[in-house]
2 protein chains.
Amino acid sequence: MVHLRRKILSFSGLLNQLQPNVRWSSFLKIRDKETVQPDRTFKYSDLSVRLAAPHQLQPKPNVSELGFGKYFTDHMLKVFYYEALGGWQIPEITPFENLVLHPAAKVLHYAVELFEGMKAYRGIDGKIRVFRPEMNMDRMNASALRSGLPTFNGMELIKCINRLISIDQEWVPHLEASSLYIRPTLIGIDPTLGVATSDSAMLYVILSPVGSYFKHHEMNQGVSLLADPRYTRAWPGGCGDRKMGSNYAPTIHVQKEATEKGLQQVLWLYGEDRQLTEAGTMNIFLFCINDQGDKELITPPLNGLILPGITRNSILTLAKEWNQFKVSERKITMAEVCQLLSENRLLELFGAGTACIVSPISFIEYMDQSFYLPTLDHTEPIFRTLLKHLKEIQYGYVDHPWAFPIE
Amino acid sequence: MVHLRRKILSFSGLLNQLQPNVRWSSFLKIRDKETVQPDRTFKYSDLSVRLAAPHQLQPKPNVSELGFGKYFTDHMLKVFYYEALGGWQIPEITPFENLVLHPAAKVLHYAVELFEGMKAYRGIDGKIRVFRPEMNMDRMNASALRSGLPTFNGMELIKCINRLISIDQEWVPHLEASSLYIRPTLIGIDPTLGVATSDSAMLYVILSPVGSYFKHHEMNQGVSLLADPRYTRAWPGGCGDRKMGSNYAPTIHVQKEATEKGLQQVLWLYGEDRQLTEAGTMNIFLFCINDQGDKELITPPLNGLILPGITRNSILTLAKEWNQFKVSERKITMAEVCQLLSENRLLELFGAGTACIVSPISFIEYMDQSFYLPTLDHTEPIFRTLLKHLKEIQYGYVDHPWAFPIE
């Protein structure tokens, strides 16, 4: 890795480079009628901070014990929304504490809820960086629109989150295999049982120091997948392209079935032609030698059935910049995977997401057949090159506008 | 209505008639591998009761102001489940109070949640009856299995709920247009961010005195529906046949669109042939003169795309007993609706559900066209006969094993 940092951009300089809510047409394919009103927002300048007392501070766990999403930092951010009180209230940073909810709160009955996943990384220069947070803000607002929940100005939330991270900065791990996972969450809290828009909501952000999503040996051996065409994650006319809680509950039963078969994740297929859509909670990439004999990196298109991943978008952007092989967003079917495999033209299959970054896939069980993939058999696989470049940006080995330093 | 009650069955006699968890094969089409373990349950005999202090008791609202799910009674039932503590803990009745949840609780992120809807009615003899609660228990366990949440012995929960209703019996309205809505809810509360089965859960039950789901003039004029083939509620390989929170969040945005057009509910279509599946949160029934010139009552089949409604099941059972017209569970398409309408053979369209009981539908907007339905144009429509019979059972005008009196 390049150990010299090329250029330091100021915080405000980066802020000006970012323009949340303008990228939607290409990134998210928002429907025409959906609009964010950036003026209807809470403001960072109103932020109130109540720090934890010394006795409330938690001991920090060993990095080796982190796992994923098991430990949380000492503080959290909360912003309430009440239609009857004019909308968003002031944002507050408080000690980490339990939530108090009415038993009829809509989130508990009708899944009126959405979230985001972002990470803060401690760079080689000691600075903490967040990766492309404006993309998460755009997606969070898109999810809010589809859920009947209030939208906000993404930059205001980024600034509040940065302050939260800054307060809990000792929780950002010092080891490159780890990072601070950021979980913004928006829930509908109206205490009424009608299936309807929630006139009150709570946005909150919690922080969790995390290791890698997959265990070390899983990463070395590659992820194994169960592909069962009886199950469908998302469908046209649904919400599969929004990060809503309702996309996840139906997957847990199938994930359990995979685990019971000794497999790690589910490969979600769609349609009679059994298109690959996502793997577990990751976007999916196939690297192959195509029918023309050229190397090609393929990922399914943003057709409403898959989540518009930020790592997905970053990989596409990097690969296109490199211009070393063809890069396509198009349908991949199981028949195509089988054919490529049988002709030794499938080179790599890998997943991409904030939690796992880039994870090689080495095995698929499909229709009671075992398919071994050669993803890990190459000396310089492109999944590893992509992972290396992303980490160089995230951990500050190179300067890049995607890495957003916290003051 | 028949004002004489024909026979009084004892509580224990009815208890013996009910056998939750044996009816599934026909009612719910549970998948082979899914099984409830009735021994792994909490027990009514362990129930602890902590009554509200006099100053905690709420004033009871006027029946005319009830609406749906806006007011709650003075007590609630709670049962926790902790895998690490051997499973289900003892059930508790406590004063109605807010829930305290960890901000990472799985219910708030991945919609690990499910619910049921039942009603208690105050009969003409002053007795309070619950309608077919064993069916709700079966369905609740079916939803739990699909959500990776723990199952329980349905009869134990029925007994706990009966005790709760008995404590809050003054909240059961004395007017026949109203009832006490019962909302059992089961949520996953593991405080970890992995998308996985929840090892801890909370089952709780709240009670809400309710008026009719639709406003009086809406019932008189019939419900109006928006049918927009761009949106899909459920799909094969999904969870549309379970009462999971994740089925509802994606509908709210579409419901809002209907409301903005001045329409009350969404008619959910499925597939290229635009099958009618559900209307709002109701099952749907079509009464017509079929191609053979005979009267026929049709409802979509339990093919995984619709909720196995208890009112639906009751209507089918009653109509088959009457044997006055053909009763079918089969696909209905929008093309069929349009053709029947144009040939004056569509007699009635109505929704059925616990919240609305039986609600006539008088209008559909479909592909920018207006379809007026003659549901309310008949002197003795069958929807009204069905509603009358169901109410006679629910309010104790006749003795029937479906109405389950609370001691």
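The values are calculated or read from the model by the stated rules, or taken from the named source; none is laboratory data. Remember, it's a predicted structure, so these values are computed and weren't measured experimentally. Positions of Cβ are backbone-derived with ideal geometry, glycine not excepted, and every protein chain shown enters the neighbour counts. Keep in mind that these areas ignore ligands, DNA and RNA; they rest on the heavy atoms of the full protein, side chains included. Shrake-Rupley method; radii C 1.70, N 1.55, O 1.52, S 1.80 Å.
List of remarks:
- Screening residue B:392 against (1) open to solvent by 40 Å² or more (accessible area, probe 1.4 Å); (2) touching a residue at least 60 places away in the same chain (Cβ under 8 Å) leaves a single unmet condition, (1).
- Within the stretch B:236-271, considering residues that are more than 11 Å from chain A (Cβ to nearest Cβ) and either out of contact with any strand residue (DSSP E or B) (no Cβ under 9 Å at 6 or more places or on another chain) or open to solvent by 20 Å² or more (accessible area, probe 1.4 Å) (or both), the one farthest from residue B:364 (Cα to Cα): B:241
- Residue check, residue A:175 closer than 24 Å to residue A:399 by Cα and either within 14 Å of chain B (Cβ to nearest Cβ) or open to solvent by 30 Å² or more (accessible area, probe 1.4 Å) (or both): yes
- Count of residues meeting criterion [touching a Leu at 6+ places or on another chain (Cβ under 6 Å) and of a type in the set (A, V, I, L, M, F, W, C)] in the stretch B:190-215: 5
Per-residue answers, yes or no, for (1) assigned by TED's automatic domain parsing to the domain that holds residue B:158; (2) surrounded by fewer than 18 Cβ atoms within 10 Å (Cβ to Cβ); (3) part of a strand (DSSP E or B):
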| residue | (1), (2), (3) |
| --- | --- |
| B:72 | yes, no, no |
| B:81 | yes, no, yes |
| B:94 | yes, yes, yes |
| B:97 | yes, yes, no |
| B:104 | yes, no, no |
| B:108 | yes, no, no |
| B:121 | yes, no, yes |
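- Residue match in the stretch A:47-63 (condition: more than 23 Å from the chain's Cα centre (by Cα), free of Cβ contacts under 8 Å to residues at least 60 places away in the same chain, under 25 Å from residue A:179 (Cβ atoms) and within 14 Å of another protein chain (Cβ to nearest Cβ)): yes
- Selection count, the stretch A:302-337, where residues are open to solvent by less than 40 Å² (accessible area, probe 1.4 Å) and of a type outside the set (A, V, I, L, M): 10
- Within the stretch B:272-286, tally of residues that are open to solvent by less than 20 Å² (accessible area, probe 1.4 Å) and among the polar types (S, T, N, Q): 2
- Residue in the stretch B:346-353 that is in contact with a Pro (Cβ under 6 Å, 6 or more places away or on another chain), among the hydrophobic types (A, V, I, L, M, F, W, C), crowded, with 18+ Cβ neighbours inside 10 Å and at pLDDT 95 or above present: yes
- Among the residues of the stretch B:181-203, just one is touching a Phe, Trp or Tyr at 6+ places or on another chain (Cβ under 6 Å), among the aliphatic types (A, V, I, L, M) and more than 11 Å from every other protein chain (Cβ to nearest Cβ), namely B:201.
- Restricting attention to the stretch A:65-103, the residues that are facing another protein chain (nearest Cβ under 7 Å) and at negative phi total 10.
- Test result for residue A:222, assigned by TED's automatic domain parsing to the domain that holds residue A:311 and within 29 Å of residue A:359 (Cβ to Cβ): yes
- Verdict on residue A:252 being within 21 Å of residue A:234 (Cβ to Cβ) and not in a helix (DSSP H, G or I): no
- The condition of being buried (at least 22 other Cβ atoms within 10 Å of the Cβ) and either aromatic (Phe, Trp, Tyr) or part of a strand (DSSP E or B) (or both) holds for only one of B:157, B:186, that being B:186.
- Qualifying residue in the stretch B:126-138 (condition: away from chain A (no Cβ under 13 Å), surrounded by fewer than 21 Cβ atoms within 10 Å (Cβ to Cβ) and part of a loop (DSSP other than H, G, I, E, B)): yes
- Scan the stretch B:104-115 for residues that are more than 8 Å from every other protein chain (Cβ to nearest Cβ) and touching a Lys or Arg at 6+ places or on another chain (Cβ under 6 Å) and the total you get is 1.
- Hey, residue B:194 out of contact with any strand residue (DSSP E or B) (no Cβ under 9 Å at 6 or more places or on another chain), closer than 30 Å to residue A:236 by Cα and not in a helix (DSSP H, G or I) or not: yes
- Selection within the stretch B:79-114 - free of Cβ contacts under 8 Å to residues at least 24 places away in the same chain and more than 17 Å from residue B:195 (Cβ to Cβ): B:85, B:86, B:97, B:98, B:100
- Pairs, first more than 12 Å from residue A:237 (Cβ to Cβ) and assigned by TED's automatic domain parsing to the domain that holds residue B:301 in the stretch B:264-277, second among the hydroxyl-bearing types (Ser, Thr, Tyr) and surrounded by fewer than 20 Cβ atoms within 10 Å (Cβ to Cβ), C-beta under 7 Å, six or more apart: B:273/B:333; B:275/B:333
- Scan of the stretch A:164-183 for residues that are in a loop (DSSP other than H, G, I, E, B) and not aliphatic (A, V, I, L, M), ordered by number: A:168, A:173, A:174, A:176, A:178
- Pairs, first of a type in the set (Asp, Glu) in the stretch B:319-333, second not in a loop (DSSP other than H, G, I, E, B), C-beta under 8 Å, six or more apart: B:329/B:298; B:329/B:299; B:329/B:316
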